[in-house]
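See structure below.
What follows draws every value from the coordinates through simple rules; no lab data is involved. Treat the numbers as computed from the prediction; the structure is a model and nothing was measured. Ideal geometry is used to build each Cβ from the backbone, glycine not excepted, and the neighbour counts take in all protein chains shown.
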Amino acid sequence: MTTLPYKELLSGDEPHKPLLGIKSRRGGRNNAGRITMRHQGGGHKRRLRDVDFSYSKKNIPAIIETVEYDPFRSAFIGLALYKDGERRYVVLPKEVKVGSTFIVSEDAPLTAGNRLPLGKIPVGTAVYNIEIAPGTGASLVRSAGTYAEVVAHDAGYAQIKLPSTEVRKVSDLAWASIGTVGNEEYNLVVIGKAGRSRWLGIRPTVRGTAMNPVDHPHGGGEGRQGRGLRRAKSKWGKPTGKGQKTRTPKKYSNVFIVSRRKVGKKRKG
């Protein structure tokens, strides 16, 4: 079992109470009490941090007061104090520490943490917290240690290479932050024991091959058997596993995909 040296990485400050909220646990159940998302339940109590993904305060410089842990995400967050006195939580890039400054502006310099439209960001720049459409708020590339790369500008669109290796067109008017999301060592953490997964609210996963045929397409057989199928399936018969395409064939956003993501063994290469 391994963990992160939080005392070295965090500033040690208490969460900012006005930005704390409550998010009730549903244990993967819907309003009828039926499980619609398996393997969820239990876990330590968590307080919700109101993280700002809209970045609506433009042309107002801000300074980072704290570096804090957020139980709802892998990246670290920081309390930003804007020059007008308002405080907001933001996702931090790895170069930003306590005392660093950033600004959201069309004329912002290309330094870590600053935010500007994709049309103003040159090719080859690493970005995170990317909007899919102008004004919708950051929704792409928000996990620890991730970044996307601007690979081209064409006909009012920026072509972004995402961490999944997919190349996607996004409007030049959409905003993005400069840099790489912090806490890049998060992927080195080893859970190490079953109990730690339960602290995180993750319940056990049963293999399909260990079930009966009535419960899973991979189930049944005398003793330990192979799945008996050319391709792996989910419990509901949908394709799953490495190397299989699971994207909806007629998805609305297909027109924005320049290059499909690579999956399975090809992606590792």
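The label point for R29 and the one for T248, both projected 7 Å from the Cα toward the Cβ, are 2.9 nm apart. Here segment 6-185 is assigned +1 on the Cβ of each Lys and Arg and -1 on the Cβ of each Asp and Glu. Its dipole about the Cα centre then comes out at about 1060 debye.
Reducing segment 110-140 and segment 180-252 to their Cα centroids gives an inter-centroid distance of 33 Å. Computing Rg/Rh (Cα atoms, Kirkwood Rh) directly from the structure and comparing it against [x] 0.98; [y] 1.04; [z] 1.01 singles out [z]. Each label point was placed 7 Å from the Cα along the Cα-to-Cβ direction; for E149 and Y6 their separation is 3.4 nm.
Over the Cα atoms of segment 100-160, the radius of gyration divided by the Kirkwood radius equals 0.93; this is the Rg/Rh ratio. Over the chain, dividing the summed -39,500 (n - 2.57) contributions of all DSSP H runs of at least 4 residues by the number of residues returns a 222 nm mean residue ellipticity of -1000 deg cm²/dmol.
Annotation: peptides 50-57, 191-198, ranked by per-residue average of other Cβ atoms within 10 Å with the highest first, follow the order 50-57, 191-198.
Descending by average beta-carbon neighbour count within 10 Å, the peptides 213-224, 121-132, 95-106 line up as 121-132, 95-106, 213-224, the highest first. For R88, neighbours were defined as the other residues whose beta-carbon sits under 9 Å from its Cβ, and their charges (Lys and Arg +1, Asp and Glu -1) total -1.
Between the amide H of V51 and any residue lying 5 or more places away or on another chain, no distance stays under 5 Å, with hydrogens modeled in the peptide plane. Placing unit charges on each Cβ (+1 for Lys and Arg, -1 for Asp and Glu) gives segment 40-89 a dipole about its Cα centre, and among S56, G43, V67 the Cα reaching farthest toward its positive end belongs to G43.
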